[in-house]
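Inspection log for the structure reproduced underneath, given as structure tokens.
The values are calculated or read from the model by the stated rules, or taken from the named source; none is laboratory data. As the structure is a computational prediction, the values presented were derived from the model and not from experiment. All Cβ positions, even for glycine, are placed from backbone atoms using ideal geometry, and neighbour counts span all protein chains on display. The area values use the complete protein model at the heavy-atom level, side chains included, leaving out ligands, DNA and RNA. Shrake-Rupley method; radii C 1.70, N 1.55, O 1.52, S 1.80 Å.
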Amino acid sequence: MPVTRSIAFKLILVFSVCSTLIFAVTLGYNYYRSRLLLEKGLQESARDVVRSSVNRVETVLASVAKVNEGTALALETGSYREEEIFALLRSTVERNSEVYGACAAFEPNGNPPARPPFAPYFYKNRGRIVYVPEDSYDYLRQDWYQIARELGRQEWTEPYFDVGGGNILMTSCSTPFYSGVDKNRRLRGVVTVDVSLQWLTQLVGSIKVLKTGYAFLLSRNGAILTHPNAAMIMNESIFSLAETNHNPRLREIGRRMIRGEEGFIPYTDLQGVESWMYYAPVPSTGWTLAVVFPKAEFLAEVRSLSITMAAMGLAGILLLTVAVVFIARSITTPLRGLAAATEVIASGDFDAELPPVRTRDEVGMLAQAFFTMRDSLKEYIRQLTETTAAKERIQSELKVATDIQASLLPRTFPAFPNRPEVDIFAVMDPAKEVGGDFYDFFFVDDRHLCFLIADVSDKGVPAALYMMVAKTLLKTEALRGIPPDEILTRVNDLLAPDNENCMFVTVFCAVLDTVSGELTIANAGHNPPLLCTAERGVEFMALPPGFVLVPMADMKYEARSLALRPHDVILLYTDGVTEAKNREAAMFGEERLREAFAGRAGESTTTIVHAIREEVRRFANETPQSDDITVLALRFTGACPLPKKNDA
């Protein structure tokens, strides 16, 4: 199913297909089961009808056979004159309605031996008993005589059309009678009783099966004795019909019938009508009675019921489909409205109209959620706009603060182009827009250069503001010409009383006598600088003890002096250098700093500083900078004559 189809289309399609499929399966199964039940009932009903009809035929034939047997017994045990034989035969015909005619056919040498052949015959004709002398009738060659004579028992003949004896279709029951006993037992003749098959035709024809169903009777040789098509009677057999119509199935059925079998089988008649047929034998004659049930008529009611159910089912499916369409539209219409409004909202129009909430079901809850979402988005965007504007304003202000902070640090190099005795260079890379690190260097007088590096606790704007205060105070006190320890002591006393934010500053402060090379240093908790000399190489400087500035007032700091020789280099740095981390959270460290400095100690201070900064960046490997990084390098190149006043 295409994904672009609407929910309503999918619901209608799925429901219609599923309901139709379920209904079709149910209807088909119901038809199948109903058909099986009807076929089972038909088989039982057909068996009852056929057996009942066979019993009726059998009853008539049995009574006729008894009559014939009684006549034969009378002739066998009694001694009748001709007149008495006539009377016996006449009486037999008169007293038995089923008997059409009766005959006593004597052997030519039988009793009475008067005139061979002798076969008096009486039959019914229009309510009268008619006598036929049969003097010229060659009965000795007739089947009814020869079969009984040869078999020595009562036997029914195949139906035949009697010419001269009534010109009707009949069958005869023949019984031989004898004289004498044991070895002297001798055939005297055959008594025959004729039965008209007219009543049998009426009996079989009275079997009503549905509208066009019928019954027919076959002889034991397969000849058609009764059939709705009178032209077939005694003119066709089931085998001749099978041969004419090239129907081996019909031939097989005929074989079963003449074998005296009973069965219920599907059958297609000569007109091609599919039917069911039940057949059963008539025991006394070996005939077969068959009843044909047309399938179309038999299943007509089931089909009619199925068609009615199908019509009702389709009507129900259509009605339910209409209901599904109504329900689907009640769901999808507000959803389409919400989708359209969402597109408008997504384009930035938060005043878009949403479909009104008319229900309290899931769709209504969804619509209410869209109302809430739209209002929340609108409020969020308003706040985001304000926040973005405020952030941009803060960023602008921070940019200004960054420029101001940068302007406070010496950034013009070479710093003292007229003072070749010192080569100094420094950089400060803040971790944020503004930082807490700072450095400074300036001549206190003509021969003394004060340089320092400091690190304010924390980062960002508070640290930057505190850095400005500390830098200003340090420079102010340094310009008084006092030693570094005194500078730190005075600045600590000035900052400590108003330290409400509990901040502190680490400071390394040094004053270099550019004439003598004497370097006086004082430290307030800052990292020890690296010193590179010709005699000792690169090593960390031993600093006088000193606590960080600000936390406590009345702190005293010590000063220490050392003599720099020409080309000695001192490297100042903050902990942002040694504590820089890479992706594995390893720190750059003091030893790596010392090695980096040692490798560049012979080069200019600018090269040294840039090399160390690049080494730190390479080590960090693009790991975000977490602290301000400040590096200052100073090379003492040797004593020089004091510059003139205007050279400083």
**Study point:** Looking only at region 425-438, and only at residues there that are touching a Leu at 6+ places or on another chain (Cβ under 9 Å) and open to solvent by 10 Å² or more (accessible area, probe 1.4 Å), the one that is nearest to Asp568 (Cα to Cα)
**Key:** Phe425
Practice item. Kindly list, by first and then second residue, each pair from a residue in region 617-629 that is under 18 Å from Pro430 (Cβ atoms) to a residue that is of a type in the set (Ser, Thr, Tyr) and surrounded by 13 or more Cβ atoms within 10 Å (Cβ to Cβ), limited to pairs with Cβ atoms under 9 Å and residues at least 6 apart or on different chains. Key: Asp627/Thr574; Asp628/Thr574; Ile629/Tyr573; Ile629/Thr574
Point to revise | Residue list for region 285-334, filter: closer than 18 Å to Val209 by Cα and open to solvent by 40 Å² or more (accessible area, probe 1.4 Å) | key: Ala296, Glu297, Ala300, Glu301
Point to revise | Breaking point among (1) in contact with a Leu (Cβ under 9 Å, 6 or more places away or on another chain); (2) open to solvent by 80 Å² or more (accessible area, probe 1.4 Å), for Tyr121 | key: (2)
Revision key, fill the gap. Among the residues of region 569-585, the number that are under 16 Å from Ile608 (Cα atoms) and in a strand (DSSP E or B) is 5
Revision key, fill the gap. Counting only residues that are in a loop (DSSP other than H, G, I, E, B) and of a type in the set (Val, Ile, Thr), region 73-102 contains a total of 1
Study note, to complete from the structure: Residues of region 348-369 being of a type outside the set (Gly, Ala, Ser) and part of a helix (DSSP H, G or I), in sequence order, are Glu362, Val363, Met365, Leu366, Gln368
Review point. Hey, Phe416 hits all of (1) open to solvent by 30 Å² or more (accessible area, probe 1.4 Å); (2) assigned to a helix (DSSP H, G or I) but one; which does it fall short on?
Key: (2)
Study note, to complete from the structure: When region 197-232 is checked residue by residue, the ones that are in contact with a Leu (Cβ under 7 Å, 6 or more places away or on another chain) and not in a helix (DSSP H, G or I) are Leu197, Ala215, Leu217, Leu218, Ser219, Ile224, Leu225, Thr226
Revision key, fill the gap. Scanning region 203-262 residue by residue, those touching a residue at least 24 places away in the same chain (Cβ under 8 Å), among the hydroxyl-bearing types (Ser, Thr, Tyr) and over 18 Å from Ala280 (Cβ atoms) turn out to be Thr212
Review point. Filtering region 439-489 down to residues that are in contact with a Pro (Cβ under 8 Å, 6 or more places away or on another chain) and open to solvent by 40 Å² or more (accessible area, probe 1.4 Å), which residue is farthest from Met555 (Cα to Cα)?
Key: Asp446
Check your understanding: Taking region 233-282, which residues are closer than 24 Å to Arg35 by Cβ, in a loop (DSSP other than H, G, I, E, B) and open to solvent by 40 Å² or more (accessible area, probe 1.4 Å)?
Key -> Glu262, Gln271, Gly272, Val273
Review point. Looking at (1) touching a residue at least 60 places away in the same chain (Cβ under 8 Å); (2) out of contact with any Asp or Glu (no Cβ under 8 Å at 6 or more places or on another chain); (3) surrounded by fewer than 13 Cβ atoms within 10 Å (Cβ to Cβ), can you tell me which one Leu408 breaks?
Key: (3)
Check your understanding: Is it the case that some residue within region 482-493 is assigned to a loop (DSSP other than H, G, I, E, B) and within 22 Å of Arg419 (Cβ to Cβ)?
Key -> yes
Exercise for review: Answer yes or no as to whether Phe547 is part of a strand (DSSP E or B) and either in contact with a His (Cβ under 7 Å, 6 or more places away or on another chain) or under 29 Å from Val616 (Cβ atoms) (or both).
Suggested key: no
